[in-house]
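Laboratory data are not the source of any read-out in this text; all were calculated from the coordinates shown. This structure is a prediction, so every number in the text was calculated from the model and none was measured. In this analysis, Cβ positions are derived from the backbone assuming ideal geometry, glycine residues included, and neighbour counts consider all displayed protein chains.
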Amino acid sequence: MERRELDPNVTYPEQLQDAVSGPVVLINQFNVDPEEAENLLEAWADDAAFMKEQPGFISTQLHRGTAGSSVFVNVAVWESAAALGAAFRSPEFQKRVAHYPASTVAAPHVFEKVAVAGICVA
């Protein structure tokens, strides 16, 4: 699997070291060749089952583009970037990453809620 950064100024590994207070949201976009989409689903289900058992995990939801798209987006909530980082760096998780189809390109990025007056709360 290839990994690319969503933000050229802040890398995913840097984000996993950040001491954000409160929950964080991992948004990970996956692009895969259409003929390997089912293999991606199998690999993602395996790594999601592992992550679900890790300290600090709150929830996850996988989304797929419509109209036959082979673009997927995982939205996962964690208690902290540190908890996500510990799970991501674990040897058990790294073994699972090897099971993704060769054409997979992942673009993970960590977010926190932003308050916008009259629209949304942090």
Select, from Ser59, Ser69, the only residue that is part of a strand (DSSP E or B) and either at positive phi or loosely packed, with under 14 Cβ neighbours inside 10 Å (or both).
Ser59
Could you say whether any residue in the stretch 76-88 is surrounded by 11 or more Cβ atoms within 10 Å (Cβ to Cβ), without any contact (Cβ under 8 Å) to a residue 60 or more places away in the chain, under 13 Å from Asn28 (Cα atoms) and not small (Gly, Ala, Ser)?
yes
Could you count how many residues in the stretch 1-19 are touching a Phe, Trp or Tyr at 6+ places or on another chain (Cβ under 7 Å), over 14 Å from Asn74 (Cβ atoms) and in a loop (DSSP other than H, G, I, E, B)?
1
Quick one: how many residues across the stretch 93-122 are closer than 19 Å to Val25 by Cα and assigned to a strand (DSSP E or B)?
8
For the stretch 51-79, which residues satisfy the criterion of being small (Gly, Ala, Ser), out of contact with any Asp or Glu (no Cβ under 9 Å at 6 or more places or on another chain) and closer than 19 Å to Gln17 by Cβ?
Ala76
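This table checks each residue for (1) under 12 Å from the mean Cα position of the chain (by Cα); (2) aromatic (Phe, Trp, Tyr); (3) within 27 Å of Gly68 (Cβ to Cβ).
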position	(1), (2), (3)
Pro8	no, no, no
Thr11	no, no, no
Leu16	yes, no, no
Ala19	no, no, no
Ile27	yes, no, yes
Glu35	no, no, yes
Ala43	no, no, yes
Ala49	no, no, yes
Working carefully through the options Glu79, Glu2, find the one that is over 22 Å from Ala122 (Cβ atoms) and either charged (D, E, K, R) or in contact with a Leu (Cβ under 6 Å, 6 or more places away or on another chain) (or both).
Glu2
Please state which one of Gly85, Gly22 is outside any strand (DSSP E or B) and at positive phi.
Gly22
Where a residue in the stretch 63-75 is over 22 Å from Glu112 (Cα atoms) and its partner, wherever it lies, is in a loop (DSSP other than H, G, I, E, B), with Cβ under 6 Å and at least six apart
Ser70/Val32; Val71/Gly65
Looking at Val32, is it over 17 Å from Tyr100 (Cβ atoms) and in contact (Cβ under 8 Å) with a residue 40 or more places away in the chain?
no
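Kindly evaluate Arg64 against the criterion of being basic (Lys, Arg), loosely packed, with under 15 Cβ neighbours inside 10 Å and more than 13 Å from the chain's Cα centre (by Cα).
Yes.
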